[in-house]
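For reference, the structure is listed below as structure tokens.
The values are calculated or read from the model by the stated rules, or taken from the named source; none is laboratory data. Predicted, not measured: the structure shown is a model, and the values here were computed from it. Here Cβ is always computed from backbone atoms with ideal geometry, including for glycine, and neighbour counts include all displayed protein chains.
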Amino acid sequence: MWFYTFTYRTLSLLPSLRDRSAAQPPALADRQLLACGSCVSVNIGRGIPKKRVQEALVTPLGLLGDSQSAPYIAIWGGHAGFNKAVMLWSSEVIAAVNADAAGGGPAEFFYGASGEQFTLSGVDWSVMKTGVQVLLGTSVLLEVTLLKGPCKQLDRYFSAPGDKGRIDPKKFPEKSRVLAKVLRPGTVKAGDPVKIFQHPKGPQPLQIQG
């Protein structure tokens, strides 16, 4: 774990990362645009829930000021690392899950509650699958690597533990949180526009972390 902590802190100090927001956007003009929206909330903190902030620096190992309470290496896959640096979720999905009275009753999620660093709005969540690339603002570029299954830490937000199945990607991939790697670092602010692009090689095989 010390290696990842050291690397994360070192990367966050590099001036080049902070200057990315002023750089030219990635070359995406020839790519298929799948969806558009905005980043309604930037969330950081240790474990869950995360606190809303106005902006955050995105590095290849995650957001500056954000960390996980669980270990990186774990039998179920662990948290964070290059391929799971960032988690995203949808404000519309959060509202739908909270309004669903099936099972034990409505859930009580809010922005950052599930551990997502970025809460997006206006994005057709059915397109958020492995391989799609997410442009946040004008420069930060992510690539979705995994659909994230619910863990026991989310029990607190459901009326009954079994209700976690509402956001299980194996059952409802269109409601799942997604994990992503950072292709291009920089700063993201609440309110930044968001664009979702197809992977350069087209649709990729779906990957799920339970």
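If you go through the stretch 101-109 one residue at a time, do you hit one that is in contact (Cβ under 8 Å) with a residue 12 or more places away in the chain and under 17 Å from the mean Cα position of the chain (by Cα)? Yes, some residue in the stretch 101-109 is in contact (Cβ under 8 Å) with a residue 12 or more places away in the chain and under 17 Å from the mean Cα position of the chain (by Cα). For the stretch 85-109, give me the residue count where each residue is under 18 Å from Val42 (Cβ atoms) and either surrounded by fewer than 16 Cβ atoms within 10 Å (Cβ to Cβ) or of a type in the set (Val, Ile, Thr) (or both). The qualifying residues number 3. Yes or no: the stretch 126-145 includes at least one residue that is modelled with pLDDT of 95 or more, surrounded by fewer than 22 Cβ atoms within 10 Å (Cβ to Cβ) and either assigned to a helix (DSSP H, G or I) or among the aromatic types (Phe, Trp, Tyr) (or both). Scanning the stretch 126-145, I find at least one residue that is modelled with pLDDT of 95 or more, surrounded by fewer than 22 Cβ atoms within 10 Å (Cβ to Cβ) and either assigned to a helix (DSSP H, G or I) or among the aromatic types (Phe, Trp, Tyr) (or both), so the answer is yes. Starting from residues that are at pLDDT 95 or above and surrounded by fewer than 21 Cβ atoms within 10 Å (Cβ to Cβ), keep the ones in the stretch 158-170 and report whichever is nearest to Gln68 (Cα to Cα). Filtering the stretch 158-170 for residues that are at pLDDT 95 or above and surrounded by fewer than 21 Cβ atoms within 10 Å (Cβ to Cβ), the one nearest to Gln68 (Cα to Cα) comes out as Asp168. Tell me which of these Pro150 doesn't satisfy, since it passes every other one: (1) touching a Phe, Trp or Tyr at 6+ places or on another chain (Cβ under 8 Å); (2) free of Cβ contacts under 8 Å to residues at least 40 places away in the same chain. Answer for Pro150: the failing condition is (1). For Gly37, are the conditions met, namely being in a loop (DSSP other than H, G, I, E, B), at pLDDT 80 or above, surrounded by 12 or more Cβ atoms within 10 Å (Cβ to Cβ) and not hydrophobic (A, V, I, L, M, F, W, C)? Taking the combined requirement at face value, the residue does not satisfy it.
When the stretch 154-191 is filtered for residues that are without any contact (Cβ under 8 Å) to a residue 60 or more places away in the chain, more than 15 Å from Gly210 (Cα to Cα) and not in a helix (DSSP H, G or I), the ones remaining, listed by number, are Phe158, Ser159, Ala160. Does any residue of the stretch 124-137 turn out to be under 16 Å from Leu34 (Cβ atoms), of a type outside the set (Ser, Thr, Tyr), in contact (Cβ under 8 Å) with a residue 40 or more places away in the chain and in contact with a helix residue (DSSP H, G or I) (Cβ under 6 Å, 6 or more places away or on another chain)? Within the stretch 124-137, one or more residues are under 16 Å from Leu34 (Cβ atoms), of a type outside the set (Ser, Thr, Tyr), in contact (Cβ under 8 Å) with a residue 40 or more places away in the chain and in contact with a helix residue (DSSP H, G or I) (Cβ under 6 Å, 6 or more places away or on another chain).
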